[in-house]
Amino acid sequence: MATSLFNTEVKVLTNASDIVDVFCDESVYEHISDDFAPDRNEYDPTEIMLFDGVYYIGGYCDGELASCVLFHPHNSVLYEIHVAVLPRWRGKVALELINKSFSWIFKNTDCVKVIANIPSTNAKAITLAKMVGMNVEGNNVDSYLKNGVLLDLIMFGIRKGELTCLQQ
């Protein structure tokens with residue numbers, strides 16, 4: 001990976017309140033929750049954290065928690081991600097932290113591919129996926145219910161060998 005542009009690091013989050021601080025931020029939760037998700041004040045990742053192979057990777061900039069990437073396995077080599085970045089860290093810092101999160105999962109597990117299923121209306125998440133080197137791999141029609149409307153999920157993927165250096 002290219003030299004870091006910022007003072008960033010990633011590490012496994014083991015404190016549920018850190019995860020909640022990022023995923024349940026007002027500017028984040030609306031974009032990552034569907035009609036069946038709990039109210040953001042009721043979200044509790046504790047049970048999910050207990051599953052084997054599930055990792056919440058916290059991204060830090062200057063020692064401050066800036067992002068959280070949930071990696072959960074579909075099998076031993078395929079993980080799905082859910083990304084949350086706090087507003088003040090969006091942009092180049094987010095790109096660096098997500099790249100480092102990908103590097104972590106590829107280095108520390110048997111994962112060879114990461115996928116993301118992004119609602120077709122979430123233009124910012126689609127742009128971010130493309131900027132970190134993910135490619136469109138499919139479209140799951142009418143598979144996500146948001147505000148009573150069925151939306152398509154666009155599947156993005158990246159393989160271990162495709163991980164790009166930091167996007168400048």
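The values are calculated or read from the model by the stated rules, or taken from the named source; none is laboratory data. Model, not experiment: these values are computed from the prediction. When we count neighbours, we look across all protein chains shown, and the Cβ atoms used for this are built from the backbone with ideal geometry, even at glycine.
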Residues satisfying the stated conditions in region 41-62, i.e. among the hydroxyl-bearing types (S, T, Y), assigned to a strand (DSSP E or B) and under 22 Å from S27 (Cα atoms): Y56, Y60
Residues that are surrounded by 15 or more Cβ atoms within 10 Å (Cβ to Cβ) and without any contact (Cβ under 8 Å) to a residue 40 or more places away in the chain, drawn from region 79-117: Y79, E80, I81, W89, R90, A94, I98, N117
Which numbered condition G91 misses (of (1) under 23 Å from D39 (Cα atoms); (2) modelled with pLDDT under 95): (1)
Count of region 121-143 residues which are of a type outside the set (A, V, I, L, M), buried (at least 16 other Cβ atoms within 10 Å of the Cβ) and free of Cβ contacts under 8 Å to residues at least 60 places away in the same chain: 1
Condition broken by D18, with the remaining ones in (1) closer than 27 Å to C111 by Cα; (2) modelled with pLDDT under 95; (3) assigned to a helix (DSSP H, G or I) satisfied: (2)
Only listed residue being touching a helix residue (DSSP H, G or I) at 6+ places or on another chain (Cβ under 8 Å) and modelled with pLDDT under 95, chosen from C111, C165: C165
